[in-house]
Amino acid sequence: MSQKRYKYLFGPVPSRRLGRSLGVDIVPLKTCTQNCIYCQLGKDAPQTLHRSEYAPINAVLGELRHKIQDGPEADYITISGSGEPTLHSGLGRLIDGIRQLTRIPVAIITNGTLLNQAEVRTDCCKADVVLPSLDAGDAETFRKINLPHPQLSFTTFVEGLVQFRREYTGQFWLEIFFCEGINTDETAILNLKTWIERIKPDKIQLNTAVRPVVHPEAGKVEPEKLQRIARLLSPQAEVIADFSGHVGTDVSGSDETAVLEMLLRRPCSLDDICSGLGLLPHIVQKVLAELLKASKITCEEKGQKKYYKAL
Ligand code: SF4
């Protein structure tokens, strides 16, 4: 295998929802319609609603062509990464191009705020799985958690989700991110439930701040409480468990580069890195020690786990 560095691809990384996910990153860091309090990409970035050709689609497809030949194999090609992917005006062309290259299913992780636009829905309809977010069932909670662009209205946003569900025949997995004390009381849950009944997702997946986040108010919800909330929703939601994929011996490329590229995207634990890159723990531990020594990464404890993050 070669040691090519990729500008638009990362992983495969362990995804708690998609297994080994080959990430495709098509917008610059923190280019987003929102500024969520739980965002792992930093804080206080200006939101935008401007769709543009942020990354050249041919260059992205060129990297993908190489990566698919290079391995390791992925369960999904996931369009996500450093911001909101539906802000890329070439999203539909990208998925068409991926279809020419591989049969690996395509997923889009989106905050869903642009699904009120017909052309965004047309682009997203090309994917096999779309994973939009809905963290609030009312405008005030939406503002508190997601800090949306001032021109984004809550009703327009959720009506976009409802409309997309009507048009889309693929898998629609709704993610709800819970922040203790903000969207966890009875009223907040009932408001969410009302919208979910209209959206009719195939799955509901509950998440909370298990990784370090920049805003301390994005408080972690304890697993027992998340399980209680899951039982209140319909279809019954699942709490996204920690990824526990196979750790193989398939050492690929430059280990240090691969680990660093992964940590540039988001904080990861030792298990995350081993599973995502197919590396054995002792190799990853060695690489992490070197990166810490060189002050290229930091280590932060959260709960029982240590998370590593690129500087
Ligand atoms: S939608 Fe995602 S990328 Fe955008 S601010 Fe929220 S967490 Fe960050």
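Summary of values
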{"read-out": "Helix-only [θ]222 nm of the chain, DSSP H runs n ≥ 4, -39500 (n - 2.57) each, per residue, nearest 500", "value": "-10500 deg cm²/dmol"}
{"read-out": "Computed FRET value (nearest 0.05) for residue 143 with residue 69, which takes r as the C-beta separation and R₀ as 51 Å", "value": "0.65"}
{"read-out": "In sequence order, calculated HN-Hα J values of region 142-158 (Karplus, 6.51, -1.76, 1.60; Hz; x Gly/Pro)", "value": "4, 5, 5, 8, 9, 6, x, 3, x, 8, 8, 9, 4, 5, 4, 4, 5"}
{"read-out": "HN-Hα J in Hz across region 69-76 - Karplus 6.51, -1.76, 1.60, θ = phi - 60°, x for Gly and Pro", "value": "6, 7, x, x, 5, 10, 7, 9"}
{"read-out": "Bridge type composition, region 9-243 - antiparallel percent by DSSP, nearest 5", "value": "15 percent"}
{"read-out": "Gain upon complete extension [residue 159, residue 240; 0.36 nm per residue less C-alpha separation]", "value": "26.6 nm"}
{"read-out": "Kirkwood hydrodynamic radius (C-alpha pairs) into Stokes-Einstein, the chain, 25 °C and 0.890 mPa s, D in µm²/s", "value": "124 µm²/s"}
{"read-out": "FRET efficiency for residue 230 and residue 102, using Cβ-Cβ distance with R0 set to 30 Å, rounded to 0.05", "value": "0.30"}
{"read-out": "Table column - 3J(HN,Hα) (Hz), region 58-64, Karplus curve with 6.51, -1.76, 1.60, x for Gly and Pro", "value": "5, 5, 4, 5, x, 5, 4"}
{"read-out": "Taking the chain and dividing mean pair separation by its residue count, relative contact order in percent (alpha carbons under 8 Å, at least six apart)", "value": "18 percent"}
{"read-out": "Burial ranking of peptide ranges 103-112, 146-155 (average Cβ count within 10 Å, highest at the top)", "value": "103-112, 146-155"}
{"read-out": "Packing-based order for 185-196, 291-302, using average beta carbon neighbours within 10 Å, highest first", "value": "185-196, 291-302"}
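Values in this text are rule-based calculations from the coordinates and carry no lab data. What you see is a predicted model; the values in this text were computed from it and never measured. Here the Cβ is made from the backbone with ideal geometry for all residues, glycine too, and neighbour counts use every protein chain on show.
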